[in-house]
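Chemist: Take a look at this one; I'll ask things after.
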Amino acid sequence: MSAIELQDIRVTYHTKKTGDRIALDQFSLCAGNEMLALLGPNGSGKSTLLNVIAQTITPGSGKLIAPISRKSLSVVFQTPALDQLLTVRENLMVAGALHDLTKAQTQSRIISITTELGLEDRLNDQIRHLSGGLARRADLARALIPHPSVLLLDEPTTGLDIDARRVFWETLDRTRSRLQMTVLIATHITDEAEHADRVIMMRDGQSVKDDTPSNLKATLGDRIVRITLENESDTEQIAKWLGSNQIEHIISDRLVIGHHANASLASSCPVDSASITIAPPTLADVYTYYAHTPISSPGTGALS
């Protein structure tokens, strides 16, 4: 049985001001022992999907097949779910009690988890005295105390500097491997999505693409052409030029991305003021490309 499985989930929000807004549109997902990244901008449905899996939101239609019980999962929120006036140890003891662990079980897990996360010398520090990176690791420790089979992370490195973000991912990778967890991360940062085994690109509550980071980049070929225009009026001329060179492309405002490009293309660009780059595609390029490509039918890209 899959650790996470959803079929045709639909969630609609209603407000007096905006009326009905579809947050998830016939979304399906199946995941085993792996790390998945939900990649997309704010409003794409990432947090709503996490809430459906955590069973804090009931979908209007569709079925959540797994996880069956909330006891098997933990959540790391955008803001640490810790009492600022308690020490790291006290917060973790509370987490253990909430999950019906004995005092001895909790103490044993505190030692192993905080050692793995590099927090063993901070157990007696109040949370309010920790740096942002240490507080994030303490919150991760809180989520790991029950040894969950599914871990949900909602923008977990928001506000962290480069070093703190790197340490967070390194410690998460080690812990996930040891506990054999399924990890689902909601993020808008493409560099973070690179850490995942699979990336599910989301837009308007639907899956745009779902594959490994390397396979996703491979869909655009060895090289892409990335063109930034000074004048939006030049897009038609650029589109005709790319078409004559059999380069499929998308246009987003003044940015043009074409895939399967060749290195000689740049010399024939008809717009002198254009900034043109030919390079291997990044995950950001892949998202931009497919976010501006029509989705064939709701939910079809999310099932694997």
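Chemist: Name the residue farthest towards the positive end of the dipole of the range 221-280 from the options ILE224, SER275, TRP241, assuming +1 on Cβ of Lys and Arg, -1 on Cβ of Asp and Glu, about the Cα centre.
Modeler: ILE224
Chemist: Please report the Cα spread of the range 20-179 along all three principal axes, rounded to whole Å, starting with the longest.
Modeler: Sorted largest first, the three principal extents are 48, 36, 29 Å.
Chemist: Dipole of the range 4-214 (Lys/Arg Cβ +1, Asp/Glu Cβ -1, origin at the Cα centre): which of GLN126, ILE185, MET35 lies farthest to the positive side?
Modeler: GLN126
Chemist: Taking only DSSP H segments of four or more residues, each worth -39500 (n - 2.57), what value at 222 nm results for the chain once the sum is divided by all its residues, to the nearest 500 deg cm²/dmol?
Modeler: On the way: 9 runs with 93 residues, N = 304.
For the chain, the value works out to -9000 deg cm²/dmol.
Chemist: Could I ask something else about it? R0 = 35 Å: FRET efficiency of GLN126 with ILE189, Cβ-based, nearest 0.05?
Modeler: Working: r = 29 Å, r/R0 = 0.84.
Once the sixth-power term is evaluated, E becomes 0.75.
Chemist: Obtain the nm distance between the two label points defined at SER72 and GLU34 by a simple spin-label model: each point lies 7 Å from its Cα along the Cα-to-C-beta direction.
Modeler: So the label points at SER72 and GLU34 sit 1.8 nm apart.
Chemist: Still on this structure, I have one more. Return the whole-Å distance between the Cα centroid of the range 12-37 and the Cα centroid of the range 55-70.
Modeler: The range 12-37 and the range 55-70 have Cα centres spaced 12 Å from each other.
Chemist: Which lysines does LYS209 reach when only Cα atoms under 19 Å apart count, and residues fewer than 8 places away in its own chain are ignored?
Modeler: Within reach: LYS46, LYS217.
Chemist: Fewest Cβ neighbours within 10 Å first, please rank MET93, MET202 accordingly.
Modeler: So the residues, fewest neighbours to most, are MET93, MET202.
Chemist: How far is helix 235-244 tilted, in degrees, relative to the longest principal axis of the Cα atoms in the chain, given as a value from 0 to 90 rounded to the nearest 10?
Modeler: Roughly 80 degrees between the two axes.
Chemist: About the Cα centre of the chain, how large is the charge dipole given +1 on each Lys and Arg Cβ and -1 on each Asp and Glu Cβ? Please answer in debye to the nearest 20.
Modeler: Rounded to the nearest 20 debye, it is 940 debye.
Chemist: Working out 0.36 nm times the residue gap between THR58 and ASP20, then minus their Cα-Cα distance, what length gain in nm do you get to one decimal?
Modeler: Going from the current span to full extension adds 12.1 nm.
Chemist: So if I place +1 on the C-beta of Lys and Arg and -1 on the C-beta of Asp and Glu, and nothing else carries charge, what would the dipole magnitude of the range 221-280 be about its Cα centre? I want it in debye, nearest 20.
Modeler: Roughly 200 debye for the range 221-280.
Chemist: Between LEU85 and SER2, what is the FRET efficiency for a Förster distance of 45 Å, r being their Cβ-Cβ separation, to the nearest 0.05?
Modeler: Efficiency, from the Cβ-Cβ distance: 0.65.
Chemist: Right, another one. So what are the range 1-63's ellipsoid semi-axes, whole angstrom, largest first, if each one is the square root of 5 times an eigenvalue of the alpha-carbon gyration tensor?
Modeler: 23, 13, 9
Chemist: Give, to the nearest whole percent, the P(r) tail of the range 133-272 beyond 28 angstrom, counting all Cα pairs.
Modeler: On the way: 3958 of 9730 pairs.
The answer is 41 percent, as a whole percent.
Chemist: Roughly how many nanometres apart are two label points built 7 Å out from the Cα toward the Cβ at ASP222 and GLN237?
Modeler: Between ASP222 and GLN237, the label points sit 3.1 nm apart.
Chemist: If only Cα atoms are counted, what is the Rg of the range 221-280, and what is its Dmax, in Å?
Modeler: According to the Cα coordinates of the range 221-280, Rg and Dmax are 10.1, 29 Å.
Chemist: Quick one: compute the contact order of the range 84-190, relative version, from alpha carbon pairs under 8 angstrom and 6+ residues apart, as a percent. Let's see the in-between values first.
Modeler: Values: 112 pairs, mean separation 31.4, N = 107.
In percent, rounded to a whole number, it is 29.
Chemist: Right, something else. Farthest toward the dipole's positive end in the range 76-161, which of ALA104, ALA135, PRO156, given Cβ charges of +1 (Lys, Arg) and -1 (Asp, Glu) about the Cα centre?
Modeler: ALA104
Chemist: Separate question: Could you please report the charge total around SER275, scoring K, R as +1 and D, E as -1 over all other residues with beta-carbon less than 12 angstrom from its beta-carbon? Mind dumping the intermediate values first?
Modeler: Values: positive: ARG226, ARG254; negative: GLU230, ASP234, ASP272.
Neighbourhood net charge equals -1.
Computed from the coordinates by the stated procedures, all read-outs in this text should not be read as laboratory data. Remember, predicted model here, so these are calculated numbers, not experimental data. Note: ideal-geometry Cβ built from the backbone for every residue, glycine included; neighbour counts use all protein chains shown.
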